[in-house]
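The values are calculated or read from the model by the stated rules, or taken from the named source; none is laboratory data. No experiment lies behind these values; they were computed from the predicted model shown. Positions of Cβ are generated from backbone atoms using ideal geometry, with glycine treated the same way; all protein chains shown enter the neighbour counts. Only protein heavy atoms, including side chains, enter the accessible area calculation; ligands, DNA and RNA are left aside. Shrake-Rupley method; radii C 1.70, N 1.55, O 1.52, S 1.80 Å.
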Amino acid sequence: MGTVLNYLEKYGKYTFQEMPLTEVDSLALCQLSYLKFDDLVPDVRRDGPAVTLESLKEHPEFEKLFGDVRFEKENRALFEGMMQGLRFRHMRLNYYVNVVEEQRETQFSAVTCFLDDGTAYVAFRGTDETIVGWKEDFNMAFLSPVPGQAYSAKYLEAVASRIRGPFFVGGHSKGGNLAVYSSMNCTPDVQERIMRIYSLDGPGFRPEVLEKCGYGKVAHKVVKILPHSSLVGMLFQSDMHFQVVKSNTFGLLQHDPFTWQVVSNHLVHVNQLYERRKNMDNALNEWILSLDERQLCTFVDTMYQVITASQARNLIDFTAEWKRSMNGMIGALKEVDDETRDMLKEMIRSLFEIARSSRKKQSAAKPEGDRGPAARKRGTKPGIPEQEKNYPGRLPESRNSEK
């Protein structure tokens, strides 16, 4: 079994006319959207002609593409892999946008890729290294739409008005949420042209948002894919059907699409999420939905206040100077007022109570016979794969028309 990089090496020789878009292609394009295309790909607000992936290699600002040092090695390998074959080398890119607004607490970016079979792929970037981008993710717990979601709907309408024919929409992480949100909220004629909507480990939506936005209109086009120990993609996961794929790592690190396993020209699918992870996700969602807007706002704002006290502008700086970052955070915690501190303690206490109740219900529903002699002897939980027994749950991180 390999990864998306092995897929590019083996199947990059085929054009999209010879082999239509696959779920692994979608993964590659969604990851490509994380590259920093500023000043290399025409802005959506201009009338610039599309550029090919191949032409970017000769651009004097080429090195700027890999500004996110967290995944620099992987992204370079992805770019080179896409350059090796006919499948992506001559692919055209246009309508790039990259917005970071600290005051509005939003980070939004997207790019549109034109494939050689006449279709297009609108790729929304997930959360990047900016701290404000992560704040917007948390804001989704109680705000709808957040600015990034509103931008995504406008972007999709703008791009759809400039291109012809059918197209795909997709994104990884928050980008997957934006792909679904924009598709739910675009006009019916645009929705008809959407072939599929890919959400790759993207968070879901509060139930009232799905109802208000008419999710049912596009539900049959949504392809939601989660790794088998998903956390991000299971946030607000309710009425959205999803598929589960295998990863070559554990825990939160599975959010990285470079770890998703590929065989032949498709992802390796498994039956379901790890039971332990699923129970934890259900408890977290139940907890979030049990809090009122004021409590959620307080929790998110306080957490953001503590993190920004580190004086780091992005997560790269935050981790590079972790001693200074931690000192700033500790100082910020001391400044939290008593009322807020008491509210935070109460909310965290409720999370543990919900998790404890969930475990009791699960134990009560499980017949005693489910625990075999070997399991009782080892003290392990039956029905959980060997990898899950060693699951390191406390890992620290993880108006120009294209003709």
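Remarks
- Cβ crowding within 10 Å averaged over residues, with 172-184, 154-166, 109-121, 49-61 ranked highest first: 172-184, 109-121, 154-166, 49-61
- Amide hydrogen proximity for Phe205: with H placed 1.01 Å from N in the peptide plane, the residues at 5 or more positions away or on another chain lying under 5 Å are Ser238.
- Mean projection area, nm², convex hull over Cα of the range 46-134: 6.8 nm²
- Pairwise FRET efficiency - His220 versus Asp117, Cβ, R0 = 30 Å, nearest 0.05: 0.85
- In order through the range 197-212: 3J(HN,Hα) via Karplus (6.51 cos²θ - 1.76 cosθ + 1.60), integer Hz, x for Gly, Pro: 10, 9, 10, 9, 6, x, x, x, 9, 4, x, 5, 6, 4, 5, 4
- Projecting label points 7 angstrom from Cα along Cα→Cβ for Arg45 and Lys10 puts them 4.5 nm apart.
- Net lengthening on full extension, Arg294/Lys73 (0.36 nm per residue, minus Cα-Cα): 75.4 nm
- When nucleic acids and ligands are ignored and a 1.4 Å probe is applied, Asp189 ends up with an accessible area of around 90 Å².
- Point-to-point label distance, His90-Lys64, nm (Cα→Cβ direction, 7 Å offset): 2.8 nm
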